[in-house]
Amino acid sequence: MSRCPRKVQHSTQESGAALLSVVLILGLLSLLTVTVTLYVNSRSTIVATTREALHKRLLVESALAYAAGRVRSTPAGMPVSGEDRIRLTIGRAQMSWSAESGRLDLNLADPETLIALFMSVGSRREQATSLVEQIIARRAFSSDSGASNADKTLIGARAGPFEHTAEALTLDDMTSELYARLEPFVTVYGSSTKIDPRLAPKALISALLPLSSVDLARLESGRRASDEEMKAIITSIPETVKYFDLQRPQATRLLISVQTAHGTKQAVEIVFLTFDDDTVPYRLLEWRER
């Protein structure tokens with residue numbers, strides 16, 4: 001009779017050990033299940049993210065190819081600008097494009113015009129003069145040093161030390177706020193010291209020339225005009241001759257907004273060159289995600 005409690009105790013210990021083993025096994029199974037679930041969810045997220053990124057890229061590249069085709073097909077003597085949208089099964093893209101000739105080239109524009117522009121975006125005359133003097137000094141240094149760039153020969157008259165407009169931020173007295181106001185009006189991909197009034201922002205034209213409302217309206221009416229029609233308008237407003245020139249450069253700025261079928265959005269700004277060669281219809285100069 002004295003051995004029975006030991007058997008019961010021993011049985012209880014075995015039961016406890018077995019229960020603990022079951023609990024441990026269930027815990028391990030739960031941990032494994034959670035790990036597998038997290039892995040599967042992570043893989044699904046990675047796949048979905050990769051798919052969305054691919055779709056955005058395809059939409060942007062499709063819009064770029066479409067816009068380049070439209071630019072190349074623009075009739076001679078007409079301004080290179082436009083807007084359109086495309087829709088694919090993976091999403092849609094909205095785009096607008098305009099030749100860089102509607103902006104002042106930091107590497108080519110004459111000092112007086114640049115000073116007028118700088119002052120129009122909030123710079124004091126002393127500050128504007130200092131900034132422009134630095135730009136002119138860099139041009140002279142670039143010319144003396146024989147600097148070259150493959151794209152310069154493609155664009156034609158483009159030459160100078162600035163490879164990107166953002167390099168203006170390196171000028172003494174240039175602030176980020178001033179540059180933000182200046183950026184929409186300047187380029188480094190122009191082909192003339194002047195601007196094409198058919199493509200220039202209204203604010204830029206108003207900044208450079210104190211024209212009457214009548215003359216501004218005449219210029220506005222000529223935005224879709226041919227070279228000959230616009231030349232007649234410019235000639236009839238003598239003070240505009242100093243600032244305006246009709247051009248057909250290769251560089252075009254393209255703004256693209258895409259949205260995938262799943263709702264993911266992205267905005268991209270691209271500057272590209274166009275060619276008459278069908279095997280190489282265009283070439284990228286800048287690609288900036290906004």
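The values are calculated or read from the model by the stated rules, or taken from the named source; none is laboratory data. Just so we're clear, the structure is a prediction, and the values are computed from it rather than from any experiment. These area figures cover heavy atoms from the full protein model, side chains too; ligands, DNA and RNA do not enter into them. Shrake-Rupley method; radii C 1.70, N 1.55, O 1.52, S 1.80 Å.
Can you work out ³J(HN,Hα) from phi for every residue in the stretch 114-121, in order, using Karplus 6.51 cos²θ - 1.76 cosθ + 1.60 and θ = phi - 60°, giving whole Hz and x for Gly and Pro?
So the J values, rounded to whole Hz, are 5, 4, 4, 5, 4, 5, 5, 9.
Heavy-atom accessible area of Y66 with all protein chains present, probe 1.4 Å, nearest 10 Å²?
Only protein atoms counted, so the area is about 80 Å².
Just report the Cα centroid separation between the stretch 75-119 and the stretch 253-290, whole Å.
13 Å
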